[in-house]
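The values are calculated or read from the model by the stated rules, or taken from the named source; none is laboratory data. Everything numeric in this text was worked out from a predicted model, so none of it was measured. For neighbour counting, all protein chains shown are included, and Cβ atoms are generated from backbone atoms with ideal geometry for every residue, glycine included. Calculation scope for accessible area: heavy atoms of the full protein, side chains included, ligands and nucleic acids excluded. Shrake-Rupley method; radii C 1.70, N 1.55, O 1.52, S 1.80 Å.
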Amino acid sequence: MLAVENIHTYYGNIQSLKGVSISVKEGEICTLIGSNGAGKTTLLRTIQGLLRPREGRIFFNQKPIESLSTEQIVNLGISQSPEGRLIFPKMSVLENLEMGAFSRRDRLNIKSDIEKILTLFPRLRERITQKAGTMSGGEQQMLAMGRALMARPKLLLLDEPSMGLAPILVNQIFDIIQDINQEGMTILLVEQNARKALKIAKTGYVLQTGKVVKSGSAKELQSDPEVRRIYLGEE
Ligand code: ATP
């Protein structure tokens, strides 16, 4: 479904991605793991058209997308739940969710999709009229994910969905990710919590200073001694 080939992305003249290639198959959860600054967010932003690669190609269902605008990429079916709190702070929870559907043509189903998301995230239902900017970090994180789902993407890019969440909510978020995957959504998941990410993923890539240093099935990565030591914190 997604093929990233030899991507080089820079911030000014600092090179963040140094020839990254990954592929994500339809229906799977693929996870990107790596230390802080490895380039995970940069890769998601490059796929989404928020950063332009200087070299390399990106194909979505065989169609090259590396020169398209973010809006065109969203319309093709890729949507992202960004790291942190990139929601619309002055709008209510409901308005934020509605904004997530701006690119959709099937307006009729929007109401039932909002209902579905409020069932997935009961916390958002409780706060439906609250201004998003006044919610807690974890609640904003859930809202960002709900908003990305409102676009009904074929491929969902998740950047650290568990960031800032209390442990019990972390488990819930991972359950939700699994649920939406089982309903058929393909997911590219960036996570600091490599242990949990590898548990639910089918495949994974390890990024280190802008390069892929390991890849394979999630099972293989889970049993790789270096992955265990560096990313799973085991002896
Ligand atoms: P984290 O887990 O800490 O979020 P990451 O793997 O997502 O890390 P990126 O945010 O992609 O890492 O950053 C990759 C590199 O690019 C880092 O060295 C970072 O300092 C640099 N970088 C990121 N954003 C910018 C920017 N706007 N300008 C300059 N350098 C940047």
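Do we have ILE14 as within 12 Å of the ligand (Cβ to nearest atom) and open to solvent by 80 Å² or more (accessible area, probe 1.4 Å) here?
Yes.
Just checking, how many residues over the range 191-226 are modelled with pLDDT under 95 and closer than 24 Å to SER16 by Cβ?
Result for the range 191-226: 5.
Here are some conditions: (1) surrounded by 21 or more Cβ atoms within 10 Å (Cβ to Cβ); (2) in a strand (DSSP E or B); (3) of a type outside the set (Asp, Glu). ILE177 meets all but one. Which one does it not meet?
Single failed check for ILE177: (2).
With the condition kept exactly as written, say whether any residue in the range 207-217 is crowded, with 23+ Cβ neighbours inside 10 Å, within 16 Å of the ligand (Cβ to nearest atom) and under 22 Å from LEU2 (Cα atoms).
yes
Among the candidates GLU66, GLU5, which residue alone is more than 13 Å from the ligand (Cβ to nearest atom) and either outside any strand (DSSP E or B) or without any contact (Cβ under 8 Å) to a residue 40 or more places away in the chain (or both)?
Going through GLU66, GLU5 in turn, the sole match is GLU66.
Spot the failing condition for LEU169; the list is (1) modelled with pLDDT under 90; (2) under 13 Å from the mean Cα position of the chain (by Cα), and only one is missed.
Condition not satisfied by LEU169: (2).
Among the residues of the range 138-150, is there at least one that is under 17 Å from the mean Cα position of the chain (by Cα), surrounded by 16 or more Cβ atoms within 10 Å (Cβ to Cβ), within 16 Å of the ligand (Cβ to nearest atom) and not in a helix (DSSP H, G or I)?
no
Kindly indicate whether SER112 is part of a helix (DSSP H, G or I) and not β-branched (Val, Ile, Thr).
Answer is yes for this residue.
Can you tell me which residues in the range 22-40 are of a type in the set (S, T, N, Q) and touching a Ser or Thr at 6+ places or on another chain (Cβ under 9 Å)?
SER23, THR31, SER35
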